[in-house]
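The values are calculated or read from the model by the stated rules, or taken from the named source; none is laboratory data. If you're wondering where the values come from, they're calculated on a predicted model, not measured in any experiment. Counting neighbours? That spans all protein chains shown, and the Cβs are built from the backbone with ideal geometry, glycine included. In case anyone asks, the SASA skips ligands and DNA or RNA and just uses the protein heavy atoms, side chains included. Shrake-Rupley method; radii C 1.70, N 1.55, O 1.52, S 1.80 Å.
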Amino acid sequence: MKSLLEPRYEDVVLVVSELVSNSVRHSESTEIDLMVKAEDGHIRVEVSDDGPGFTPDAPRGEGMGLAIVERLSDRWGLVSGERFTVWAELSRDEVT
């Protein structure tokens, strides 16, 4: 798996860690799902849970989790529905 994520392996690990940690700390969910997929020049990370979610406009706490995700990702966003999903996409090219 590591070779599929190079040269962004460490960035992907950090994004996964931050998104899963946020879900564990804040979602009040009973189930968390993680998906990491490398394709078409990018890596997509999705963390879904059955918690209530939040809106992008909601005031952020003092934690750095989403700020780190925002900095490392080319794009990120939220999807609300039966489950709440936070996703991030990172270019497979090394960031300089």
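Values as computed for the structure displayed
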| item | result |
| --- | --- |
| Segment residue 40-residue 74, extension gain: residue separation times 0.36 nm, minus the distance between their alpha carbons | 10.8 nm |
| Nearest 10 degrees, 0 to 90: helix 9-26 Cα axis against the chain principal axis | 0 |
| Difference of contour (0.36 nm per residue) and Cα-Cα distance, residue 14 to residue 31 | 4.1 nm |
| Along principal axes, Cα extents of the chain, largest first, whole Å | 34, 25, 18 |
| Long-range HN-HN contacts of residue 92 with modeled amide H, under 5 Å | 42, 43 |
| Accessible solvent surface per residue of the chain, calculated while the other protein chains remain in place, 1.4 angstrom probe, Å² | 65 |
| Cut-off of 10 Å, at most 15 other beta carbons, DSSP loop: longest stretch of the chain lacking such GluC sites (Glu not before Pro) | 32-61 |
| Integer Hz, Karplus 6.51/-1.76/1.60 couplings in order for region 36-47, x for Gly and Pro | 10, 9, 10, 6, 6, x, 9, 10, 10, 10, 10, 10 |
| Relative contact order of the chain, pairs being alpha-carbon contacts under 8 Å that are 6 or more residues apart, as % | 32 |
| Sulfur and carbon atoms: percent of accessible area, the chain [1.4 Å] | 49 |
| Cα→Cβ-extended label distance, 7 Å offset, between residue 21 and residue 83, nm | 2.3 |
| Debye, to nearest 20: dipole size of the chain, +1 on Lys, Arg Cβ, -1 on Asp, Glu Cβ | 120 |
| Accessible area of residue 33 in the full protein assembly, 1.4 Å probe (Å², nearest 10) | 70 |
